[in-house]
1. Look at residue B:211 and say whether it is closer than 22 Å to residue B:152 by Cβ and surrounded by fewer than 16 Cβ atoms within 10 Å (Cβ to Cβ).
2. Any residue in the range A:232-243 that is within 11 Å of chain B (Cβ to nearest Cβ), over 27 Å from residue B:105 (Cα atoms) and surrounded by fewer than 18 Cβ atoms within 10 Å (Cβ to Cβ)?
3. Regarding residue B:196, is this residue at negative phi, within 14 Å of another protein chain (Cβ to nearest Cβ), at pLDDT below 85 and surrounded by fewer than 21 Cβ atoms within 10 Å (Cβ to Cβ)?
4. Name the single residue, out of those in the range B:81-92 being surrounded by 14 or more Cβ atoms within 10 Å (Cβ to Cβ) and facing chain A (nearest Cβ under 10 Å), that is nearest to residue B:125 (Cα to Cα).
5. Out of the range B:94-116, which residues are small (Gly, Ala, Ser) and either farther than 13 Å from residue B:127 by Cα or within 10 Å of another protein chain (Cβ to nearest Cβ) (or both)?
6. Residue under question is residue A:272, and the condition is that it be within 25 Å of residue B:75 (Cβ to Cβ), away from chain B (no Cβ under 14 Å) and among the β-branched types (Val, Ile, Thr); does it hold?
7. Looking at (1) farther than 28 Å from residue B:320 by Cα; (2) within 29 Å of the chain's Cα centre (by Cα), which is the one condition that is false for residue B:283?
8. Which of (1) closer than 30 Å to residue B:237 by Cβ; (2) within 11 Å of another protein chain (Cβ to nearest Cβ); (3) out of contact with any Ser or Thr (no Cβ under 7 Å at 6 or more places or on another chain) is the odd one out, the single condition residue B:125 does not satisfy?
Amino acid sequence: MYKPVLSRQSARLLSSKGAAGASTTHFGSKIVPTEQKSKLVGHVFSSVASKYDVMNDVMSLGIHRLWKDHFIAKLDPGMRPNSTEPMNFIDVAGGSGDIAFGILDYAKAKFGDTQSTMDVVDINPDMLREGEKRAMDQGRYYNDPRVRYMVQNGEELDKIESNSKDVYTVSFGIRNFTNIPRGLEAAHRVLKPGGIFYCLEFSKIQNPLMDVAYQQWAKALPVFGSIIANDYDSYQYLVESIERFPEQEKFKSMIQDAGFQSVGYESLSFGICAIHWGVKV
Amino acid sequence: MFKPISMRPVATQGLSSVKLHRVQPNRSILLTAALTATVGELLVGKTARMADAMDRGELHNKNVDYETEREENIQHRINNLKNTRPSTPNYEGHIPLYTTEKLLLFAVSGLRSFFHPENGLNIVQLGEATAWPLFLDSMKRTMLSDPTGRRILREKPNVTTQQLEMDHLAEFPKDSFGYQFYKWCKRENVSPDTRAPVSYVDDPLHAYIFKRYRQCHDFYHALVDMPIVIEGEITVKALEAANMGVPMATLGAILAPFRLKPIQQKRLYDIYLPWAVRTGLTCKPLINVYWEEMLTKNVDELRKELGITLPPDLRTMRAERKERIHELNQKYKQMKMESKDL
């Protein structure tokens, strides 16, 4: 009698059926029920929300600012002087606001664009509050009709209409999505035809020496986080989620599967992070 | 049609005399040719290059499951990231540390506590960094040698607001310890939930003992009626140091006064520190008190049983001094105004 054998491929799907029939997924390296993942991720970010910038600085030794500057400069965002329609940007999982405000500042500085709108969207209200607080402290983009702050799940974006955005940016946020293909489909939905999907995320390190150095750093990081910031679990989750995220080519094919064309990527700093882009047609 | 090299004709005068001279063979050409013929194939030949490519994973081999290998690689790296601790956790929230990491914790928290003792996190970490097994073992022995201590270790009570039912304490008789504790909490604006969990102590029972010590700190405050100002904290720390030998309390009681104003130091050195040391050394071990059961007890009785006599009230002393300084300022303001009139 033929007994079907579970192939190794299907046994290792990212979302699998557990013994009780409940759907499970990865949270870092733990297996958790799917419904719980966004809540657990929420806890991680709630606890680090107020020190998010410090944590980013610690994790990347301050280089994340260079990456983000390059990210924005490469995008070259802004309504051109000879154009009549302002651009609509959306920055997903960008609660702290660094990319969102960076884009608006760049557009103003380079093209004199003061009309383009920005939706700052994050699943975690604490992170969003930090972003709005920063806007309030710097006196720009706070109580501004151009900038909207909304609590949204990146996989649904239920308050954002379809075909309404020129540029969708996500910076160091997509690896925390429970279901990345769904997040890419939501991006595809909200973008106008001709709109750009633009993503900055950690990726696979190409250089073996840097890889070894990074692994030692990643092993030491949770303890430093625990001694200095009293938060072992958040840093542990972060290094594990970086490891789980697909590499450059694989993520490129995932973006293509979601329906984007002209998909490409650029590795930064030996592949520590990568910018992926795609165009909706 | 090769003539042997050694027999190459060399042209001299005229064709009639063709001499055959021996010519030295060109060694570098010979060597290169030999090496190329033998070893070259092994180093840069086609099969060698293909083998290198296969090693790097660039040569497609349909017998290898690349997906599996990739997943296994990722899993291996994640395991490396997970297995960074010297041992598995012994209890919920335990973060085992290597010795170097413990020293780093001690150094960092020590420096931070010295410059910012008002930040609770620093004190908490310093407490755990100095909670050496020697001290915790002696605490355990103290608890085990007393029936109430043994009961505490068996039942492992946890001090939280619900457990204590803080609101009910307001209705207790005025001279009960529970009511005094409630009044003290309200006056100092603290609640019993403000105690952080223990993470760096390795043994679970030691971790519970340290957690109990941390949670009972507020009870000690209320028992001797010390406010949470820095002088009051130093006094209670000195009491804990003398009574239970807590290393961090000893450190705090010795070093912290250096950062105080002279009048505060005088009060401490003259009145409160001697009182704390005397009381701590003579009273019963406070770690053995089952505070949750003492809430209904008369507070004076409790103090007598434990062997504690109250020191002069710190709040009153500070208030009195403030009042005297205020009067002095008023007097001089008056005098200045009068001298202007002259």
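1. Numbers: closer than 22 Å to residue B:152 by Cβ: yes; surrounded by fewer than 16 Cβ atoms within 10 Å (Cβ to Cβ): no.
Here the answer is no, as residue B:211 does not meet what is asked.
2. For the range A:232-243, residues within 11 Å of chain B (Cβ to nearest Cβ), over 27 Å from residue B:105 (Cα atoms) and surrounded by fewer than 18 Cβ atoms within 10 Å (Cβ to Cβ): absent.
3. Details: at negative phi: yes; within 14 Å of another protein chain (Cβ to nearest Cβ): yes; at pLDDT below 85: yes; surrounded by fewer than 21 Cβ atoms within 10 Å (Cβ to Cβ): yes.
Yes, satisfied.
4. B:85
5. If the condition is that a residue be small (Gly, Ala, Ser) and either farther than 13 Å from residue B:127 by Cα or within 10 Å of another protein chain (Cβ to nearest Cβ) (or both), then B:107, B:109 are the ones that fit.
6. Values: within 25 Å of residue B:75 (Cβ to Cβ): yes; away from chain B (no Cβ under 14 Å): yes; among the β-branched types (Val, Ile, Thr): yes.
The answer is yes for residue A:272.
7. Of everything listed in (1) farther than 28 Å from residue B:320 by Cα; (2) within 29 Å of the chain's Cα centre (by Cα), residue B:283 misses just condition (2).
8. With respect to (1) closer than 30 Å to residue B:237 by Cβ; (2) within 11 Å of another protein chain (Cβ to nearest Cβ); (3) out of contact with any Ser or Thr (no Cβ under 7 Å at 6 or more places or on another chain), residue B:125 is out only on (3).
The values are calculated or read from the model by the stated rules, or taken from the named source; none is laboratory data. The model shown is predicted, which means the values in this text are computed figures rather than measured ones. Neighbour counts are summed over all protein chains in view; Cβ atoms, including those assigned to glycine, are modelled from backbone coordinates with ideal geometry.
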